[in-house]
Amino acid sequence: MAAAEYIAFTPALGQTVTVSLGVSRIVVYANSPKLIKLVAKFEGGTSDFEQVDLESSGNLYTYKTSFSSSDFPEHISILANGVQLQGKISFAHGQFSDQDRDFSTELVLDEGEDLKSQKLDWLDINDWEGWAWYRPRETWIEASFTPLSKLSPSTPTHNLLLRPKNPKIDPKSVLAVFPASPPEAFVHLSAARVGEAPGVYIRARRVKIGGRIVCYVGAKLTIHNGERNAIRGAIDVARKKYGYSTAPFTQEGGHSPFDRLGFCTWSSIGEDVPLTLNLMDDLVHKLAKFNVPVGTFIIDDGWQDIRYGLNGSEKTRGLWSFDTWGHMNSPLSDVVSLIKKTLPTVEDVGVWMTLHGYWNSIAPTSPLAKKYEMQEFKLNRDNIQGIDWPKNDFDGQQSGSISNPEKRTWWLPPPHLAYAFWKDYFTSCFDAGISFVKVDDQAYGSLLDGVSGGEEFVAMWNGMTRAANEVFGDNKVIHCMAHYERTFNGDIGMGVATQGRKIVIRNSDDFGLNRPLIHRNHIHFNIYNAMLISQLCLIPDPDMFMTSAQWPEYHAVLRAFFEGPVLLADKPGQLDLKILNKLVGRSTTNSYEVVKAPHTIRPLPRSVWEKCLDEGVGPAIKGVSYFPNARSASLILWNARKGAFDNAADIIFETDLINALEGIEKPVNGDGILDVAVWLSNAGAAKSVRLKDIGQDISYETTSSLPVISTLISPQGTETLTIAPYEDLGDTMVACLGLIDKYAGLAAIRKSQVTTGKLSIDFGFNGVAGFLIMLRREDVLKRVMVTVDNTSTSYVFKSKGNGLCLIEVDLASIQAVVGKETWTVEVQI
């Protein structure tokens, strides 16, 4: 094994670090599972790395070397046991006077112009590199890192998040570029094509006949204000240009089928397996034996009445009627009744369909075709360039899912009957007991040919959502395979089409596909797509997963930190209750809900630019989630090295904890100092850290921050750090860690308050409540008293060393007080 494969450096080899004014010393750290001699080599000398006594969650050795900012070298190379490693770490003084700026470009489609391109004159492709959100498949958009000079000229780009390559630009700059589609056109970006001058171009396609159409690209350059602010700023630039409101989007309150634990038949019964009543009966009865508190159930693909071979080839599949297919041997109402009777906790049953009825639209000779005056529409693959269309039909291993779409024909209701079609369809489902729908394959409508095809695509979505809101109520649709201009960049994403009300959208391609690196890519694409989708009028859904197969905990942790629905898809009779119980909690009213973060996870700022996906030991993907009720945060790490098959090693710094606590108010003592507890869930390790400058508008420098702990995450592994503020109870300090037997246990905290010598926490779910105590006197533990709803209760005490101990209070068997919505746990000294 080469030395570089088992050493992780911070900053990384190949990285350029610009040191801000006022920073007196910079430090280079190294992590390795092996004892090793490291030397920094630079012009005029060398500097040995010294071993650091840093607490570690794994068998890691930590080393450091430091340089004074007054005489630090321009470059250093590293010798490991006398062998020089590839790559250098570079340093430069930062003296920049740039400021936040807005950019925009206007493109006009005049009457008679259906397609148009225009260069973004303010964007120099040689100055920037970063994340481009490409559309490599018809229905999905995914982030890929690239120098802007190597941006694809053909594959559509739907967002850019860039950092500077030009040394004259402040390295803390972030530039977000958002190609915003108006309701009448689809807009994306790409690099120059044949005959065009080098640059980035806005590409617009008309989807409404007649009239003059104005399109905009919005961009935001932020200095020391971070990636999320840049993305949000670029979106707001576009919203203002179109005259849209920039008010925050709203989210429906009250009952939602997406708040409770869900189950989906797709991967469970078998993908592409036609459903029968016997298969459904077997599934739900085996599920019932586990006493799983499923509140929402999706009948996925395989239930509909379809016909083959009528839409362009023998393998095409078109919708024939609103009924179930013949071999179901039962109407839809009987299937719904079976589910609810066998699984009494199920309140909502939903069904799957596509935006065009079925995968290849409506069968042209069906009763539906006659009733709704179906018209023939051609498909044009040139509408989505850059896709590697597969050679064989339905070859899901390639980028495109359907070969030769131009040889297919779709039959759809004309725009003026789209709403009527959907209103009748949904009403028939509602009458059978269905209360929500999953509408799939939405973005494939981008292939409908010509301006009239674009109008049809828009009309089908508008008619579908209007009908769904009227039949089922607002926001009862999971919008799936919907990554295209309207949702990612248009009037849907910017809230115009939904009057500012957020809707649920699938955030990534399917879970568990038979593709290389699929598990680590699933985590990566979901977190990076959510960077954008969370800023839009959308609620990201990370897709179903299994508790009993396909890296269960790796995926379960992600679901706990997303706003969207949590859906199980385990095979009949297979379920891991240990994982399930970390996701679900029982309320005081004996109902079960998913214990999940109130806001979708965001990348830790420095993790956005780290090479988390490379081979060998190196940094993990790191995301953070803040919990306002708890005034606390979670920092989650996923091993993504070489597909999560190599070890991941990280040093967590004080600045990481401060970034995770974004949103916490400045400490009342006014000095910006906050004492926090750090709890590593899987390692069972605890640490106390004193943070400075909390609540200050400061640009944090990892190279000058103090390390807190090193982490080693094994293949396919994760780790969750809880960061909770201490409360001063006089003789001791106490931090509430939430429910430590849940992935997102901080979400259970409803209220926290401190009175003299007492910490009181209201929990909305049961589980094991954890409190970390920092002892100031040895006799304090003898005086600790714990009550639940004013009744003294027992607890478990566990020493964690360094004057820290963990108190565990198990709420599982404690009865709720009638009429009370929480359990109140008080720790008194």
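Output the qualifying pairs, or none if there are none: Cβ atoms under 6 angstrom, residues six or more apart or on different chains, first residue in segment 17-38 and in the same structural domain as Ser77 (by TED's automatic domain parsing) and under 18 Å from Ile709 (Cα atoms), second residue loosely packed, with under 14 Cβ neighbours inside 10 Å and not aromatic (Phe, Trp, Tyr).
Pro33/Asn59
Looking for whichever is of a type in the set (Ser, Thr, Tyr), touching a residue at least 40 places away in the same chain (Cβ under 8 Å), farther than 16 Å from Met374 by Cα and buried (at least 20 other Cβ atoms within 10 Å of the Cβ) here; the options are Ser428, Ser435, Ser446. Which one fits? Spell out how you get there, then give the answer.
Values: Ser428 fails: buried (at least 20 other Cβ atoms within 10 Å of the Cβ); Ser435 fails: buried (at least 20 other Cβ atoms within 10 Å of the Cβ).
Only one candidate passes the filter, namely Ser446.
Can you go through Gly738, Gly757, Gly745, Gly803 and tell me which one is buried (at least 21 other Cβ atoms within 10 Å of the Cβ) and at positive phi? Break it down into steps so the answer makes sense when it comes.
Numbers: Gly757 fails: buried (at least 21 other Cβ atoms within 10 Å of the Cβ); Gly745 fails: at positive phi; Gly803 fails: buried (at least 21 other Cβ atoms within 10 Å of the Cβ).
It is Gly738.
Can you go through Ser813, Ser794 and tell me which one is surrounded by fewer than 16 Cβ atoms within 10 Å (Cβ to Cβ) and either touching a Leu at 6+ places or on another chain (Cβ under 6 Å) or modelled with pLDDT of 90 or more (or both)? Please lay out each step first, then the result.
Values: Ser813 fails: either touching a Leu at 6+ places or on another chain (Cβ under 6 Å) or modelled with pLDDT of 90 or more (or both).
It is Ser794.
Just one of Ala288, Ala247, Ala234 is in the same structural domain as Leu162 (by TED's automatic domain parsing) and small (Gly, Ala, Ser); which is it? Steps first, please.
Working: Ala288 fails: in the same structural domain as Leu162 (by TED's automatic domain parsing); Ala247 fails: in the same structural domain as Leu162 (by TED's automatic domain parsing).
None of the others qualify; the one that does is Ala234.
With surrounded by fewer than 17 Cβ atoms within 10 Å (Cβ to Cβ), among the hydroxyl-bearing types (Ser, Thr, Tyr) and touching a residue at least 24 places away in the same chain (Cβ under 8 Å) as the only criterion, which of Ser268, Ser245 stands out?
Numbers: Ser268 fails: surrounded by fewer than 17 Cβ atoms within 10 Å (Cβ to Cβ).
Unique residue meeting the criteria: Ser245.
Please determine, by comparing only the residues of segment 498-508 that are in contact (Cβ under 8 Å) with a residue 60 or more places away in the chain and out of contact with any helix residue (DSSP H, G or I) (no Cβ under 7 Å at 6 or more places or on another chain), which one is nearest to Pro715 (Cα to Cα). Show your work before the answer.
Restricting attention to segment 498-508, the residues satisfying the condition of being in contact (Cβ under 8 Å) with a residue 60 or more places away in the chain are 500-502, 504, 508.
With the extra rule that they be out of contact with any helix residue (DSSP H, G or I) (no Cβ under 7 Å at 6 or more places or on another chain), the set shrinks to 500-502, 504.
On the way: Gly500: 42, Arg501: 40, Lys502: 36, Val504: 32 Å.
Once the filter is applied, the top-ranked residue is Val504.
Checking Asn59 against (1) surrounded by fewer than 17 Cβ atoms within 10 Å (Cβ to Cβ); (2) part of a loop (DSSP other than H, G, I, E, B); (3) in contact with a Phe, Trp or Tyr (Cβ under 8 Å, 6 or more places away or on another chain), which test does it fail?
The failed condition is (3).
For segment 489-499, does any single residue satisfy the condition of being more than 16 Å from Pro183 (Cβ to Cβ) and at pLDDT 95 or above? Spell out the reasoning first.
In the first step, residues of segment 489-499 are kept if they are more than 16 Å from Pro183 (Cβ to Cβ); the result is none.
Within segment 489-499 (the criterion being more than 16 Å from Pro183 (Cβ to Cβ) and at pLDDT 95 or above), the answer is no, since none of the residues qualifies.
Farther than 26 Å from Glu456 by Cβ and within 25 Å of the chain's Cα centre (by Cα) - does that describe any residue in segment 183-194? Working first, answer last.
Within segment 183-194, the first condition is being farther than 26 Å from Glu456 by Cβ, and the residues that meet it are 191-194.
Now drop any that are not within 25 Å of the chain's Cα centre (by Cα), which leaves none.
No, the conditions are met nowhere in segment 183-194.
For segment 733-829, please list each of the strands (runs of 3 or more DSSP E) lying entirely inside it that holds at least 1 residues being within 21 Å of Lys582 (Cβ to Cβ). Talk me through it step by step, then tell me what you get.
Values: elements: 749-755, 758-763, 768-775, 785-788, 796-801, 804-810, 823-828.
Here the list reads 749-755, 758-763, 768-775, 796-801, 804-810, 823-828.
Which helices (runs of 4 or more DSSP H) sit wholly inside segment 172-291 and have at least 1 residues that are closer than 30 Å to Phe91 by Cβ?
Details: elements: 227-242, 266-269, 277-288.
Fully inside segment 172-291 and qualifying: 227-242.
I want to confirm something. Restricting to segment 555-578 and keeping residues that are surrounded by fewer than 21 Cβ atoms within 10 Å (Cβ to Cβ) and touching a helix residue (DSSP H, G or I) at 6+ places or on another chain (Cβ under 7 Å), which single residue is nearest to Gly819 (Cα to Cα)?
It comes out as Asp576.
Can you give me the number of residues within segment 165-195 that are modelled with pLDDT of 95 or more and crowded, with 18+ Cβ neighbours inside 10 Å?
17
I want to confirm something. Restricting to segment 601-638 and keeping residues that are in contact with a Cys (Cβ under 9 Å, 6 or more places away or on another chain) and assigned to a loop (DSSP other than H, G, I, E, B), which single residue is surrounded by the fewest Cβ atoms within 10 Å (Cβ to Cβ)?
Pass one, segment 601-638, residues in contact with a Cys (Cβ under 9 Å, 6 or more places away or on another chain): 618-622, 630, 632, 638.
If we keep only those that are assigned to a loop (DSSP other than H, G, I, E, B) too, we end up with 619-620, 630.
Numbers: Pro619: 27, Ala620: 28, Ala630: 24.
Applying the filter and picking the extreme gives Ala630.
What pairs can you find where one residue is in segment 380-394 and under 22 Å from Glu314 (Cα atoms) and outside any loop (DSSP other than H, G, I, E, B), the other is at pLDDT 90 or above and not β-branched (Val, Ile, Thr), and their Cβ atoms are less than 7 Å apart, with a gap of 6+ or different chains?
From segment 380-394, the pairs are Arg381/Leu447.
State whether one or more residues within segment 229-236 are free of Cβ contacts under 8 Å to residues at least 60 places away in the same chain, among the acidic types (Asp, Glu) and more than 30 Å from Trp131 (Cβ to Cβ).
Checked segment 229-236: no residue is free of Cβ contacts under 8 Å to residues at least 60 places away in the same chain, among the acidic types (Asp, Glu) and more than 30 Å from Trp131 (Cβ to Cβ).
Would you mind listing the strands (runs of 3 or more DSSP E) fully within segment 63-168 where at least 3 residues are in contact (Cβ under 8 Å) with a residue 40 or more places away in the chain, at negative phi and of a type in the set (A, V, I, L, M)? If you could, list the steps in order and put the result at the bottom.
Details: elements: 75-80, 89-93, 101-109, 115-119, 128-134, 142-147, 157-164.
The qualifying strands (runs of 3 or more DSSP E) are 75-80, 101-109.
Going by what's in this entry, would Thr409 be described as over 30 Å from Tyr134 (Cβ atoms), touching a residue at least 24 places away in the same chain (Cβ under 8 Å) and in the same structural domain as Phe472 (by TED's automatic domain parsing)? Let's see the steps before the verdict.
Working: over 30 Å from Tyr134 (Cβ atoms): no; touching a residue at least 24 places away in the same chain (Cβ under 8 Å): yes; in the same structural domain as Phe472 (by TED's automatic domain parsing): yes.
No, not satisfied.
The values are calculated or read from the model by the stated rules, or taken from the named source; none is laboratory data. Just so it is clear, the structure is predicted and the values come from calculations on it, not from any experiment. With ideal geometry, Cβ positions are generated from the backbone for all residues, glycine too; neighbour counts draw on all protein chains shown.
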